[in-house]
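Just below is one structure, and these are the notes that go with it.
FYI, it's all coordinate maths here, none of it is from the lab. Quick caveat: nothing in here was measured; it's all calculated off a predicted structure. We place every Cβ from the backbone using ideal geometry, glycine too, and count neighbours over all the protein chains shown.
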Amino acid sequence: MDMRKNVYVELLAFGLILSLSAVLLSCKNPFSHRSSEPPIGSSGTYEVPSTPQIVLTNLLYAYNEKNINNFRKCLSDSFIFSAYEDSVEAEQRGEGWVFYDWNADVEEAITRRIFQSYPLNSDSTEMSLIIDLSSNPLDQENDSTATLIRTYNLLIINFTEETAETTTAIGESSFNLSRSSLIGWSIDLWSDRPDENNDFDWADFKALYR
Amino acid sequence: MKRYFYYNLLFKFTLAFAILLPYSNISVKSAEGSTFTTVFDQDNQTYRWDGSLLYEYSSRGKLSFSLDSKLQSTLIKRSLLVGGNNQWQEDGKAKASILYSFNPRLGISVDFSEAYNVLGNQKILQSEIIGVSKYKPNQWLSLDYGLGGAVSTRRGQMGKKRDRGINMSWNGILNPKILNADIFRITLNIDEEIYRNIPSNSISLSGFFLKSFQSGDSISFNYSGTSGKKKFYSSSYTLAGINNQEKNEHNFEGTIVKNLPLNFEIEASSEILFNSYRYRANDTSAVIGDVSNRDNSRLSEDYYLKLKRNFKIFNMPIDTYASYRTSGYNENFAQDERDENSAYGELGGGFSIALTNHDSVSTDFFTSVRSFYHPAQYSHQNDRDVESEILNMNYLRIWSKYLMTRTHFNYRNFHQIYIYKEASADNNRNYTYLFAPEIIWIVSNWITVNQYFEIQANYITYDYEKNILSSRNRIFRRSYSRTEMAISVSDNLKTHIEYGYRYEDYGQLIFDEQWKQLTSWDRRNNLGGVGFDYYPSKQLKISPEYSFEYKREWTHSEEESITSADTTFTKLRVLSDRQDQRIISLELNYEFAELQNLTFLIQRRIINGWRRGHIRDDIFTVSLRRFF
């Protein structure tokens, strides 16, 4: 029995190590990055997130500059996105799963797809975000946690041969942030809420890319 | 307002019920592990009620019963909403189950469930009843079949939609004792919701195998897969069309742990995920909302190899490890510009060593590169690599049973490299250094002092801007000191005092033969507090607390003075913001028994700041948790 067990495990371990070695040998050095071309044009804007307000400024720039790396730096690893009103509507449509388990990886993937669909200097699409960065009386800020509430306006334009179809997402987002020693301030919870007079909000737009 | 009073009354009633229940004659002796919790929470923007009840009853014989219910109601005041009115949110669900076992092999159950979500005028109500027959012909096979009915009502601003139908489910679990496995389980699940408008069905298959050996070796595999179809409405309008989703999800995981000669141990694991979603719509006119644009599939793979060895050098025990991870994914969307492929490689390692009985050191390091690729004709300018280096070091020294020091050092470097010229101007390195020593001193049986320091520097340098005077290169520096003292005045009175000071500055980083900082602002925080825990009796704790935070921020600039002889620069430092925050709170905690308590908390926060003005926040919370 013991012999059978050893052969059993060793064969499997050997097979796995062999496959991994083959993968390793067939790849180029995984720890060297590609070289880059010298830049043209504009570049991204990012400040060290030493205050909660700077995180939102970084988020705004990342969105308008379509810079997914800078966008990801605004989110903590335990990030959650929530849109209660839109979730209820999605449940009404029988499509509630769209808002389930919306964590940092999901948010990054969705935003990256949006950036890729609305690239900078495109002839066929345009997307522009405005966030009112001024302080809100309902903001709360402690030594290591903060809640900032901001209204936004996201303009989405799809150009066709004859016309330009414009959609505007309007609403209010509540950002719960926390400070960590190494990465500074980042967003733990982003709750989105539509404007009373405009049914289409940021969460609706993002949900289309999930 | 009527609704407010209704909930207020309901809350008071449930609270009183929960407090009185254990002392009344209606407590049920046969209840097993039943719990009741309720929380009322109020601040300047919201009122919130949470309640849950879990009740389980078993008659030792053939009948058992359970009730599980949750309710959360939130009133959001108009001040928090964009130009709106007060808004109610309610989520509630309740499930009651009755199970009757004819014998150990055969039983039946009936489940009733009710769930609702309410948001203003929008309401979703779902009711379901299902009867399940449970058959377990032997130890390695169990079969369930469920049949029931369901009604779903969706009411919104655009009208009301009602749907009803039949629910069916088949579940089979096969648990044979073969291959000498510790666990070998195959599960098959088929669900069918035959609604009139939006039916759905799914079939799931999963298998799990685990075998452990006395030597510590083990092998495990897990597979789960689901295929299904579902219809859903294209919008919230009453006359909305119907969309279809077809999904396929497959997940495979495997892990082998094997002890090798010379005290080595190897762990190899892998995870492969494949998801595919296809959508069909009967209305394809929308440019943004065309559901078929969401068609996608994604294959991701992750392989991990770890080699460990525990050994001794000069009688010092050392644990070491080295690891390698490679992973990646490929996406395929209906719209190609959304696609992204990625590859990742990570090399890591570390050790922990007990140098003496009083000294121990541990270190971990990781270096990795993640590459992202895109279809060349669409989004190739998003092609990028992220190179990372992480080092963590910890040193612990126990000087005596009264004195201990801990020292932590952390280094991180993220190098972001966009490959193409359209975005490569943003290529940068982000370095962080952190050094944090800590002293823990037990002065006596009743006084403990903790002193913590932290120094951090964060540099961001752009690859193509090293020698540009007006570059975006930046440095952020931070130091922090915190002193905490815990004093046990008596068995009934404990107190803690804390004081902290934080210094931060930020500015441009200029390269002139060496890096120099041009400070643009600095900030100083003084924070602290004092709190007491007073126990008038064993069950009751009274905890008043006061804390403060004073923040000051200065901006730096230069004033240029031109005279006929010379030009001089005067550095200016101007106070640009000040904010004082004070928090006073009182908490009362009454413990009926372990993990059963009634808590009251009231808190007032006052903020005075140049930018934020005067703000006052009040918070009130009451919560109750009881077992019966």
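Per-structure values
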quantity	calculated
Förster radius 51 Å - calculated FRET efficiency between B:R578 and B:Y464, Cβ distance, rounded to 0.05	0.85
Calculated FRET efficiency for the pair B:K93/B:N357, C-beta based, R₀ 60 Å, to 0.05	0.60
Stretch gain in nm, segment B:S69-B:D566, where the contour uses 0.36 nm per residue and the Cα spacing is subtracted	170.9 nm
Amide hydrogen neighbours beyond the local backbone of A:D195, cut-off 5 Å, H modeled	A:I170, A:G171, A:E172
Gain in span if fully extended, B:R196 to B:E559, counting 0.36 nm per residue against the direct Cα distance	123.1 nm
Nearest-0.05 FRET efficiency for B:S543 and B:F628, computed from C-beta distance (R0 22 Å)	0.25
Order of A:R34, B:R626 - criterion: other Cβ atoms within 10 Å of each residue's Cβ, fewest first	A:R34, B:R626
Proxy reagent accessibility, fewest Cβ within 10 Å first, across B:Y546, B:Y418, A:Y209, B:Y431	B:Y546, B:Y431, A:Y209, B:Y418
37 °C / 0.692 mPa s Stokes-Einstein diffusion coefficient of the protein assembly as shown, Kirkwood radius on C-alpha pairs, µm²/s	104
B:K421 paired with B:Y277, simple spin-label distance in nm, labels 7 Å along Cα-to-beta-carbon	3.9
Cα centre as origin, Lys/Arg/Asp/Glu Cβ charges: the protein assembly as shown dipole, Debye	2720
Residue order, fewest to most beta carbons within 10 Å, for B:Y501, B:Y233	B:Y501, B:Y233
Chymotrypsin sites (Phe, Trp or Tyr not before Pro) lying in DSSP loop within segment B:244-327, provided at most 10 other Cβ fall within 10 Å	B:F314
Most positive-pole-ward Cα, A:A83, A:L59, A:S35, against dipole of chain A from beta carbon charges	A:S35
Whole-Å distance, taken between Cα centres, linking segment B:165-242 and segment B:327-406	34
Between 0 and 90°, nearest 10: helix B:2-20 axis offset from chain B longest Cα axis	80
GluC sites (Glu not before Pro) within segment B:516-622, DSSP loop, no more than 10 other Cβ atoms inside 10 Å	B:E594
Rounded to whole Hz, the Karplus (6.51, -1.76, 1.60) HN-Hα couplings of segment A:154-162, x for glycine and proline	10, 9, 10, 10, 10, 7, 10, 5, 9
Prolate/oblate/rounded call for segment A:52-207, Cα gyration tensor, a/c under 1.5 rounded	prolate
Surface/4 estimate of mean projected area, convex hull on alpha-carbon atoms of chain B, nm²	42.6
Cleavage-rule hits (trypsin sites (Lys or Arg not before Pro)) in segment B:347-411: DSSP loop, at most 12 neighbouring Cβ within 10 angstrom	B:K401
